[in-house]
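Below: one structure, written as structure tokens.
The values are calculated or read from the model by the stated rules, or taken from the named source; none is laboratory data. None of the values given here were measured: they were computed from a predicted structure. Cβ placement follows ideal geometry from the backbone for every residue including glycine, while neighbour counts extend to all protein chains displayed.
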Amino acid sequence: MNNKIKRFDEYRLESMVYELMDSFDFKINESDKKSDYDEIYNNVISDLKLNFNLITTFGAGIGALYPVVNGLIFNTGQSIELTTECVVLSTICAISIICLEEKKFKNTKQQDDIRRDAKTLLEELKMKDIGNGIIKKLSESLKSIKSIFYSITKHLGATVGGFMDMFAYTSMLIPVMNAIYYMIDKYEFNIDTLTQNFLSISMGICTVIAKRGISYLIDKIKNRLPIDKKKVIDSIETPIIQKFGDIIPVSVNIKSDSELIKD
């Protein structure tokens, strides 16, 4: 008998990959709260006197993260009153910390502004019983999302070196985030379990695409992006995702001070 009998873990992983790819059109129920998120975001920027000129340039991409962050923190099962304000504060704080780690600034002033704002947000979150340990894990979880995004979009010509680079591809970021939220919600991934699971799933994505071919991936996303399937297959090295804005250049030789988050 030539049929390969798959180990359960291998079969389960492949099933999860197919499930994720089938979820690009998943509608996030919390998207109905978009206006609430936007209002709270504007209030936070104003009340805390933040200088979020960097974060605001990423537009709709930030909004796609709110339900993801909400799900990750909620699934930890901790006794936290997870209000819309807490979700917004946690999201922009985690993104700011990742930005500091990746050192993508226009100049040193922007770096100083982001560091100062991140410290302010951490203090505000502590008063809401969301400690530095949770935000540190959240930052690591969000960074692991990049592995999923990269595994999918590298076949379409996207250039993603770090987490912040994803925001240059808004048209693809939102459907991928929809699928990621679906997986977090169904499998109850949290800030402790997401990273390892997503690293495995990202490798599984590469395996599935290698097995099924690039046409399989294109068929999954063609309704979300203006893709000419034949053209892409004939010239696969040509990027098909159009960037929404330029990626902010990496600053050179900027020394970071001591680690911002301390447990």
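Applying a threshold of 8 Å to beta carbon distances and a minimum spacing of six or more residues, or different chains, the list of pairs starting in the stretch 56-81 at a residue that is over 17 Å from Ser139 (Cβ atoms) and outside any helix (DSSP H, G or I) and ending at one that is of a type in the set (S, T, N, Q) and at pLDDT 85 or above reads Gly77/Asn190. Among the residues making up the stretch 101-115, those that are farther than 18 Å from Ser144 by Cβ and touching a residue at least 24 places away in the same chain (Cβ under 8 Å) are Lys103, Lys104, Phe105, Lys106, Asn107, Thr108, Gln110, Gln111, Asp113, Ile114, Arg115. Tell me the residue from Gly161, Gly204 that is of a type outside the set (A, V, I, L, M), assigned to a loop (DSSP other than H, G, I, E, B) and either at pLDDT below 90 or over 21 Å from Thr91 (Cβ atoms) (or both), please. Going through Gly161, Gly204 in turn, the sole match is Gly161.
Residues in the stretch 118-138 that are in a helix (DSSP H, G or I) and of a type in the set (Lys, Arg) were compared, and the one that is farthest from Leu82 (Cα to Cα) is Lys119. Contact map, the stretch 161-181: residues that are among the acidic types (Asp, Glu) paired with residues that are surrounded by fewer than 20 Cβ atoms within 10 Å (Cβ to Cβ), Cβ distance under 6 Å, separation 6+ or inter-chain. Pairs shown: Asp165/Ile247.
Out of all the residues in the stretch 154-175, is one or more within 14 Å of Val17 (Cα to Cα), surrounded by 18 or more Cβ atoms within 10 Å (Cβ to Cβ) and not hydroxyl-bearing (Ser, Thr, Tyr)?
Taking the stretch 154-175 as the starting set, the residues that turn out to be within 14 Å of Val17 (Cα to Cα) are none.
The answer is no; no qualifying residue exists.
Does Ile209 qualify as being in contact (Cβ under 8 Å) with a residue 40 or more places away in the chain and crowded, with 21+ Cβ neighbours inside 10 Å? So Ile209 fails the test. All conditions in (1) surrounded by fewer than 22 Cβ atoms within 10 Å (Cβ to Cβ); (2) at pLDDT 90 or above hold for Ile135, with the sole exception of (1). Just one of the listed residues (Glu30, Glu39, Glu14) is in contact with a helix residue (DSSP H, G or I) (Cβ under 7 Å, 6 or more places away or on another chain) and at pLDDT 85 or above, and it is Glu14.
This table checks each residue for (1) out of contact with any Cys (no Cβ under 8 Å at 6 or more places or on another chain); (2) closer than 25 Å to Lys106 by Cβ; (3) assigned to a helix (DSSP H, G or I); (4) among the aromatic types (Phe, Trp, Tyr).
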site	(1), (2), (3), (4)
Glu140	yes, no, yes, no
Ser144	yes, no, yes, no
Ile152	yes, no, yes, no
Asn178	yes, no, yes, no
Tyr181	yes, no, yes, yes
Asp192	yes, no, no, no
Gln196	yes, no, yes, no
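Of the listed requirements (1) within 21 Å of Leu65 (Cα to Cα); (2) part of a helix (DSSP H, G or I), Gln110 misses just one: (1).
Run down Leu89, Leu50 and say which single residue is of a type outside the set (Lys, Arg), assigned to a loop (DSSP other than H, G, I, E, B) and modelled with pLDDT of 85 or more. Before you say what the answer is, go through the steps one by one.
Values: Leu89 fails: assigned to a loop (DSSP other than H, G, I, E, B).
Within the list Leu89, Leu50, the selection yields Leu50.
Residues in the stretch 65-78 include at least one that is under 29 Å from Tyr187 (Cα atoms) and modelled with pLDDT under 90.
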